[in-house]
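**Q** Quick one: structure below, then a few questions.
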Amino acid sequence: MNRVIVNLDALHHNLTAVDGWMSRHGARWTLVTKVLCGHHDTLAALHALGVRSVGESRLDNLRSLRDIDPDQETWYLRVPSRTSISDIVRHCNVSLNSESEIIRGLNEEAERQNKTHHVVVMIELGDLREGILPGALVDFYDQVFHLPNIEVLGIGANLGCLAGVIPSIDQCMQLILYRELLELKFGHKLPLISAGTSATLPLVLDGQLPREINHFRVGESVFLGTDLVNGGTLPALRDDTVSLEAEIIEIKRKSLIPTAETGAVAPFSMEQENEEIAPGQRGYRALVGVGQLDTDIGGLTPENSAHQISGASSDITVVNIGDSPGGLSIGDTIRFRPNYAALVRLMGNRYIDRVVEPDLKSFRQTLPGPGTVQLAPVVDPPGEEKGGVEGPGADPDRHPRTARNR
Ligand SMILES: Cc1ncc(COP(=O)(O)O)c(C=O)c1O
């Protein structure tokens, strides 16, 4: 059987560590769970740990979250399409936006649903995905800040997701200045600067990030431990949260390189590192029943460092396992660590089982009490006046509803 295993103890560890970094920085944060593709047991475990603010980009996943806890705060991270407006208002508390026409649509829909919808205005800072150009910010804001059923929580940016732009202090300072400009010009406070993704965590750890950056949307580093800027794993995080276990369906000693003429015939040809393989060299090759249809095979690393992926077709991956079978036979499994690209495809794949370890019930029993992490809602955190969105040491003026000039 092929399955993805989510290690809940490792996930708990990473969540607690990142939550500690956020509190030390004085920021709130939202856990970006979209990589789980709505996997119920992992989402339920996160809820049991105290996660109450989650970021998603698929409406179906948001519905799964609402099934676990209808009051959970949900952030819609993909800029909304016109056709998704009514669902976004129904299922999400906050959305990230860069089109004024869409914000007007959200306002009309929120009025129909008798709600206030919260938005963060996204600014383009170089990664060239979503975001309005800084020069258009004042006009844009002028069009949206007075809408009666819209609450502009603040401004934000997305870095690293498309072009791989590395977040810098300079970009964060730009955001701080843009907020000052809007606050001075329009005379009311914008409580949130939501600048962070996993790629910002190294700056947080260095203690370099200005405290005005007070909201983060973090996914990958929690689920995989990744240090997106320097490579490897962030200090104190675990990289063993998720494994792919794939069943061996053939194991035989064969030549390690093709024994006949090759051409551009294979649809999924992968770069093979053959330099260390001598002509005619033989070794054990294990075939596992997971292929390119299931995941990004190039994003898998065998957990056993002696194993090496030789190649993959749509349904089969071939692993060179060495000069001996190493105790493996058919029916046994080989384990791999997925990177983010591989993981997201595995989690969205209907052919692969996804399980948590320990099982949800046993995991819940290991927890000392409800909500060990306390990742609180950003918009209306418990114990604060309605509308409070600042972290510890907050400026009391920056309350979106109380400071509002409608
Ligand atoms: C808008 C937005 N914010 C935050 C994130 C989280 O990024 P990461 O998983 O690198 O922490 C993503 C990516 O999934 C995103 O698209």
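**Q** Please enumerate the residues belonging to the stretch 183-204 that are within 14 Å of the ligand (Cβ to nearest atom) and over 19 Å from E124 (Cα atoms).
**A** Residues satisfying the conditions are L201, P202, L203, V204.
**Q** Under 6 Å between Cβ atoms, which residue pairs at least 6 apart in sequence (or on different chains) link something in the stretch 44-55 that is over 16 Å from P368 (Cβ atoms) with a partner that is of a type outside the set (A, V, I, L, M, F, W, C) and within 14 Å of the ligand (Cβ to nearest atom)?
**A** S53/T30; V54/T33; V54/T74; G55/T30; G55/R217
**Q** Give the stretch 328-380 a look and list any residue that's more than 19 Å from the chain's Cα centre (by Cα) and in a helix (DSSP H, G or I), or say none.
**A** L360, K361, S362, F363, R364, Q365, T366
**Q** When you go through R90, R179, R104, R112 one by one, which is the residue that is touching a Gly at 6+ places or on another chain (Cβ under 8 Å) and more than 16 Å from the ligand (Cβ to nearest atom)?
**A** Selected residue: R179, the only one of R90, R179, R104, R112 that is touching a Gly at 6+ places or on another chain (Cβ under 8 Å) and more than 16 Å from the ligand (Cβ to nearest atom).
**Q** Being within 25 Å of Y340 (Cα to Cα), in a strand (DSSP E or B) and small (G, A, S) is the requirement here; does S194 meet it?
**A** yes
**Q** When you scan the stretch 89-111, how many residues do you find that are among the charged types (D, E, K, R) and farther than 12 Å from P148 by Cα?
**A** 3
**Q** Between a first residue in the stretch 213-227 that is more than 25 Å from L153 (Cβ to Cβ) and of a type in the set (D, E, K, R) and a second residue that is assigned to a strand (DSSP E or B) and more than 8 Å from the ligand (Cβ to nearest atom), which pairs have beta carbons less than 9 Å apart while being 6 or more apart in sequence or on different chains?
**A** Going by the 9 Å Cβ cut-off, the qualifying pairs are D227/T233.
**Q** Follow-up. Would you please name the residue that is farthest from the chain's Cα centre (by Cα), looking only at residues in the stretch 85-102 that are part of a helix (DSSP H, G or I) and among the small types (G, A, S)?
**A** So, considering only residues that are part of a helix (DSSP H, G or I) and among the small types (G, A, S), the one farthest from the chain's Cα centre (by Cα) is S100.
**Q** Please pick out the residue among R364, R350, R354, R345 that is within 24 Å of W75 (Cα to Cα) and out of contact with any Leu (no Cβ under 7 Å at 6 or more places or on another chain).
**A** Of the residues listed, the single one that is within 24 Å of W75 (Cα to Cα) and out of contact with any Leu (no Cβ under 7 Å at 6 or more places or on another chain) is R345.
**Q** I'm checking my understanding of the structure. Among residues of the stretch 269-287 that are under 26 Å from N339 (Cβ atoms) and in contact with a Leu (Cβ under 9 Å, 6 or more places away or on another chain), which one is modelled with the lowest pLDDT?
**A** Per the stated criteria, the residue is N274.
**Q** Under 8 Å between Cβ atoms, which residue pairs at least 6 apart in sequence (or on different chains) link something in the stretch 136-161 that is in contact (Cβ under 8 Å) with a residue 60 or more places away in the chain with a partner that is away from the ligand (no atom under 16 Å from the Cβ) and of a type in the set (S, T, Y)?
**A** Note: pairs meeting the criteria are E151/T116; V152/Y141.
**Q** Can you find even one residue in the stretch 190-210 that is under 24 Å from V379 (Cβ atoms), surrounded by fewer than 17 Cβ atoms within 10 Å (Cβ to Cβ) and not hydroxyl-bearing (S, T, Y)?
**A** Within the stretch 190-210, one or more residues are under 24 Å from V379 (Cβ atoms), surrounded by fewer than 17 Cβ atoms within 10 Å (Cβ to Cβ) and not hydroxyl-bearing (S, T, Y).
**Q** On the given criteria, is L153 crowded, with 21+ Cβ neighbours inside 10 Å and part of a loop (DSSP other than H, G, I, E, B)?
**A** When the stated conditions are applied, L153 does not pass them.
The values are calculated or read from the model by the stated rules, or taken from the named source; none is laboratory data. This one's a predicted model, so the numbers in the text were calculated from it and none came from an experiment. Neighbour counts are summed over all protein chains in view; Cβ atoms, including those assigned to glycine, are modelled from backbone coordinates with ideal geometry.
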